[in-house]
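Single-structure report; data block below.
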Amino acid sequence: MELLDLIEGRRFMGREFVVWLWFESEMQETNLEPTGADPVSMWLEAQITLVLEKEESRLKGAIPASSPEAKEALRQGKLPKEAKMRLVRGDREFVWTLKADSLGLSGLKLPTQLKKNDEKHEVFYERMMLLEDLETSLSALYADFVRLRLADPWDDEVVPLMTSWAHGEKPDAGAYLATKRAVLGEKRKRKR
Amino acid sequence: MGATLGALRGSLTFSRFYVTGDIPDDVPGTTLKRIRANAFQPLSPDDEKNEGAGWANIDDPFDTDLDHEKVFYNEYVCLGLRLDRWAIPSSLLKQHLREAEQALLAKKGLERLGRQAKADLKTMVVRKLRRQLVPSLKSYDVVWNLRTNVLHLYSQSERIATLLDDLFKRTFKVDLVPESPGTAADRLGLDAKEARAFAGLEPMTLARLEEEAR
């Protein structure tokens with residue numbers, strides 16, 4: 001695939017990734033276990049923007065993703081264009097806004113210990129180490145999403161469960177986790 | 001003026017790139033000369049171009065005399081992408097142009113100026129005003145991790161990304177691939193079945209068909 005196609009023709013995967021993270025977070029009560037990385041707690045908070053072509057729903061609040069309006073937007077076929085997120089890894093908390101179309105992060109707050117008056121290089125290394133920790137988690141989550149998205153059960157099993165969730169029904173979390181384990185477990189075995 | 005938000009301090013807003021191509025084994029040992037050759041050069045009022053970009057110290061955009069210590073932080077290459085621009089307020093330019101045009105018409109006893117004369121007059125006025133102004137300065141942090149070959153540009157502007165692409169390739173003779181949902185997926189090492197699925201992927205919807213039909 002040409003680079004331009006790879007970039008422009010697959011931007012929709014970013015929006016699908018955000019909605020999958022949202023679904024995952026609700027199915028697993030925020031406790032996510034990305035393959036090959038440390039477990040994390042993660043959820044959407046404060047604001048989310050969902051779009052379908054030129055129609056846009058911007059929702060704000062403590063946890064707008066839990067609001068009826070957010071699910072209504074999904075039912076209308078809208079997907080998240082950007083969402084504010086919080087991730088907890090060990091005793092470290094990260095907050096940022098994810099731009100779905102580019103996977104760009106903005107307004108990222110790092111849980112730094114050092115202060116701005118500390119030695120400049122040490123401050124920089126701490127920031128880069130924390131950033132890399134966060135990116136390791138996000139990359140592992142994205143890799144899990146892509147593996148699942150490209151596997152056969154996505155259309156037949158995962159999308160119906162996500163649709164049921166978006167429509168306010170109670171999807172079978174056990175069935176979802178079994179499907180996910182089957183796909184990602186298979187990949188893990190093959191990698192060994 | 002130091003960068004207020006970016007790699008060194010404050011909250012972080014950035015875009016990511018993958019550095020690919022023929023990356024030298026010893027980047028610090030082989031690229032400093034080229035970094036210095038592409039360091040920011042001050043704009044001149046007589047330049048035809050309206051802006052100029054080049055490398056600066058990540059911690060001080062006024063410092064363009066780059067050395068090893070200012071650029072290489074262990075496994076990181078740290079640079080400021082400095083962009084200076086002549087920003088003449090349009091109302092100021094219009095007023096000065098009007099005055100200059102009237103003075104020229106009076107001097108030559110003419111009623112109106114031709115297109116070329118107007119263009120020459122504008123160039124002269126712009127250069128005169130530039131001498132009275134200071135170019136606007138912006139600097140964007142750029143951090144290349146040599147261990148992962150992931151680069152962070154502390155901006156999400158496409159224009160700045162294009163400037164970076166040009167300056168970075170010219171300096172380091174390597175390629176930059178912007179991270180996006182597609183390029184990130186492509187780098188996962190998809191097997192043949194996944195690659196086929198990826199090539200034919202269509203966007204999903206969580207709307208139910210009967211609701212769409214309403």
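The values are calculated or read from the model by the stated rules, or taken from the named source; none is laboratory data. In this text, all values refer to a predicted model and were calculated from it rather than measured experimentally. In this analysis, Cβ positions are derived from the backbone assuming ideal geometry, glycine residues included, and neighbour counts consider all displayed protein chains. With ligands, DNA and RNA removed, areas are computed over all heavy atoms of the protein, side chains included. Shrake-Rupley method; radii C 1.70, N 1.55, O 1.52, S 1.80 Å.
Report the residue count in the range A:1-47 for those that are crowded, with 16+ Cβ neighbours inside 10 Å, more than 10 Å from the chain's Cα centre (by Cα), facing chain B (nearest Cβ under 8 Å) and not in a loop (DSSP other than H, G, I, E, B).
Summing the residues that are crowded, with 16+ Cβ neighbours inside 10 Å, more than 10 Å from the chain's Cα centre (by Cα), facing chain B (nearest Cβ under 8 Å) and not in a loop (DSSP other than H, G, I, E, B) in the range A:1-47 gives 4.
Can you find a residue that is within 7 Å of chain B (Cβ to nearest Cβ), touching a residue at least 40 places away in the same chain (Cβ under 8 Å), in contact with a helix residue (DSSP H, G or I) (Cβ under 8 Å, 6 or more places away or on another chain) and assigned to a loop (DSSP other than H, G, I, E, B) anywhere in the range A:97-105?
Looking through the range A:97-105, at least one residue is within 7 Å of chain B (Cβ to nearest Cβ), touching a residue at least 40 places away in the same chain (Cβ under 8 Å), in contact with a helix residue (DSSP H, G or I) (Cβ under 8 Å, 6 or more places away or on another chain) and assigned to a loop (DSSP other than H, G, I, E, B).
Could you check how many residues of the range A:112-141 are open to solvent by 80 Å² or more (accessible area, probe 1.4 Å), over 16 Å from B:VAL143 (Cβ atoms) and over 28 Å from the mean Cα position of the chain (by Cα)?
4
What do you reckon, is A:LEU141 within 8 Å of chain B (Cβ to nearest Cβ) and more than 21 Å from A:GLY61 (Cβ to Cβ)? Talk me through it step by step, then tell me what you get.
Numbers: within 8 Å of chain B (Cβ to nearest Cβ): no; more than 21 Å from A:GLY61 (Cβ to Cβ): yes.
The answer is no for A:LEU141.
Can you find, within the range B:165-202, the residue that is farthest from A:ALA151 (Cα to Cα) among those that are among the small types (Gly, Ala, Ser) and more than 7 Å from every other protein chain (Cβ to nearest Cβ)?
It comes out as B:GLY189.
Considering only the range A:108-115, I want to know if a residue exists there that is touching a residue at least 40 places away in the same chain (Cβ under 8 Å), within 10 Å of chain B (Cβ to nearest Cβ) and assigned to a strand (DSSP E or B).
no
Kindly indicate whether B:ASP141 is free of Cβ contacts under 8 Å to residues at least 24 places away in the same chain, assigned by TED's automatic domain parsing to the domain that holds B:LEU66 and not hydroxyl-bearing (Ser, Thr, Tyr).
no
At least 1 residues that are open to solvent by 30 Å² or more (accessible area, probe 1.4 Å) and at pLDDT below 95 in each: list the helices (runs of 4 or more DSSP H) lying fully within the range B:26-112 that qualify.
In the range B:26-112, the matching helices (runs of 4 or more DSSP H) lie at B:27-37, B:90-108.
Looking at the range A:143-158 only, could you name the residues that are in a helix (DSSP H, G or I) and either open to solvent by less than 10 Å² (accessible area, probe 1.4 Å) or among the charged types (D, E, K, R) (or both)? Walk me through it before giving the result.
Here is the first cut: in the range A:143-158, the ones in a helix (DSSP H, G or I) are A:143-149, A:153-158.
A:ASP144, A:PHE145, A:VAL146, A:ARG147, A:LEU148, A:ARG149, A:TRP154, A:ASP155, A:ASP156, A:GLU157, A:VAL158 - these are the residues of the range A:143-158 that are in a helix (DSSP H, G or I) and either open to solvent by less than 10 Å² (accessible area, probe 1.4 Å) or among the charged types (D, E, K, R) (or both).
For the range A:65-84, which residues satisfy the criterion of being within 14 Å of chain B (Cβ to nearest Cβ), assigned to a strand (DSSP E or B) and among the aliphatic types (A, V, I, L, M)? Steps first, please.
Applying the first criterion (within 14 Å of chain B (Cβ to nearest Cβ)) to the range A:65-84 yields A:65, A:70-82, A:84.
From what's left, assigned to a strand (DSSP E or B): A:79-82, A:84.
Within the range A:65-84, A:LEU79 is the sole residue that qualifies.
In the list B:THR205, B:THR162, which residue meets the criterion of being facing chain A (nearest Cβ under 9 Å) and either open to solvent by 60 Å² or more (accessible area, probe 1.4 Å) or over 31 Å from the mean Cα position of the chain (by Cα) (or both)?
Details: B:THR162 fails: facing chain A (nearest Cβ under 9 Å).
Criteria check complete, one pass: B:THR205.
Specify which of the listed residues (B:GLU69, B:GLU51) is farther than 18 Å from B:LEU163 by Cα and assigned by TED's automatic domain parsing to the domain that holds B:LEU167.
So the residue among B:GLU69, B:GLU51 that is farther than 18 Å from B:LEU163 by Cα and assigned by TED's automatic domain parsing to the domain that holds B:LEU167 is B:GLU69.
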